[in-house]
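Asks: I have a structure here, written as structure tokens, and I will follow up with some questions on it.
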Amino acid sequence: MSETGSGLRDEVETGASGVHGEPNSREPLEAGAVDTHCHLFLIEADPAGIVEEAREAGVSTLVCVGIDPESSRRSLELAESFRGVFATAGVHPHTASEFDETAGAVIEELLGSPQVLAVGETGLDFYRMLSPREDQERAFRAHVALSRESGKPLVVHVRDAWPEAMAILDHESADGVVLHCFSGDVATAREAEARGYFLSFSGTVTYPRNEYLREASAAVASDSLLVETDSPFLAPQSLRGRDNRPANVVVVLEELSRVRGESFDELRAATAANAALVFEGLR
């Protein structure tokens with residue numbers, strides 16, 4: 001997520017049920033777009049309506065990303081409540097100072113659920129610096145360790161910290177890496193692709209000033225791409241000023257299709273297949 005908590009909605013540039021509860025009865029995953037990163041618990045609307053709106057737009061699957069222990073529990077609740085919704089568990093770098101033994105134990109417990117597909121979001125944010133650098137790096141490394149131990153991929157937030165984040169990822173391997181809301185340049189995109197990471201593009205790719213992101217999105221093969229909304233943040237350019245919603249991931253796909261010169265249907269299928277590959281629980 002590019003923003004978290006009250007007072008951060010201006011950042012637009014770039015009662016849990018049992019955590020080991022039985023999954024709801026689900027139909028097989030249908031063909032459709034996958035929003036690999038949203039925060040349903042932060043959207044000021046009925047989750048059922050948001051999920052239905054997404055399905056009507058052709059978005060069959062949502063990954064609801066936790067940003068702290070409480071929201072990670074809520075993400076699992078939502079995953080247990082709605083077909084096609086899955087969860088992650090982690091602590092955002094903004095609140096990395098709060099990542100202690102207790103928080104780590106909660107995240108580890110949540111990762112025991114098959115509906116919690118990944119660790120994070122975690123990472124480094126040296127733009128806001130809402131937690132000291134040493135706390136961010138400590139928490140990031142702990143999340144990487146949880147990824148290895150759980151066998152689940154890592155959802156990584158990076159802002160103004162690409163050299164440092166890539167160095168940590170290079171030194172401490174995770175069980176799959178998703179670079180959420182990718183904000184790097186072409187060189188970073190190609191390095192990430194070479195390492196086998198997935199690059200997830202959001203509505204920021206539609207912003208007029210972000211030509212470098214469009215170039216980065218066109219510089220890698222389609223088998224490295226994912227799409228997301230980061231809703232309720234980072235609405236596409238045509239919807240700036242409004243809360244973002246998972247249904248708008250189709251706008252991201254449309255822009256990537258235009259930039260890459262590939263058909264919308266081909267790109268939707270490729271990104272959905274990539275999501276199923278990295279998030280094994282989607283299979």
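The values are calculated or read from the model by the stated rules, or taken from the named source; none is laboratory data. What you see is a predicted model; the values in this text were computed from it and never measured. No Cβ is skipped: glycine too gets one built from the backbone with ideal geometry, and neighbour counts run over all protein chains shown. Just the protein is used for accessible areas: all its heavy atoms, side chains included, with ligands, DNA and RNA removed. Shrake-Rupley method; radii C 1.70, N 1.55, O 1.52, S 1.80 Å.
Asks: How far is the Cα center of segment 128-160 from the Cα center of segment 25-93, in Å?
Replies: 22
Asks: How do the peptides 217-223, 56-62 rank, highest first, by the average count of neighbouring beta carbon atoms within 10 Å per residue? Write down the numbers at each step before the final one.
Replies: On the way: 217-223: 15.6, 56-62: 20.3.
Most protected by this proxy first, the peptides run 56-62, 217-223.
Asks: What number, in percent, do you get for the relative contact order of segment 72-212 if the mean sequence gap of Cα pairs under 8 Å and at least 6 apart is divided by its residue count?
Replies: Numbers: 239 pairs, mean separation 26.1, N = 141.
Taking the mean separation of contacting Cα pairs over the length of segment 72-212, I get 19 percent.
Asks: Follow-up. May I ask you to give the solvent-accessible area per residue for segment 65-156, in square angstrom, as obtained with a 1.4 angstrom probe?
Replies: Working: 3160 Å² over 92 residues.
It amounts to 34 Å² per residue over segment 65-156.
Asks: Where does the chain land at 222 nm, in deg cm²/dmol rounded to the nearest 500, when only DSSP H runs of n ≥ 4 count, each adding -39500 (n - 2.57), divided by all residues?
Replies: On the way: 9 runs with 106 residues, N = 283.
Calculated from helices alone, the mean residue ellipticity at 222 nm is -11500 deg cm²/dmol.
Asks: Considering amide H positions built from the backbone, and no H for Pro or chain starts, which residues 5 or more places from LEU117, or on another chain, come under 5 Å of its amide H?
Replies: For LEU117, the qualifying residues are ALA87, THR88.
Asks: Would you please give the residues with an amide H less than 5 Å from that of VAL177, counting only those at least 5 places away or on a separate chain, with H modeled from the backbone geometry?
Replies: For VAL177, the qualifying residues are LEU154, PHE198.
Asks: In 10 Å bins starting at 0, how do the alpha-carbon pair distances of the chain split up by percent?
Replies: Per 10 Å bin, starting at 0, the Cα pair percentages come out as 7, 33, 40, 18, 1.
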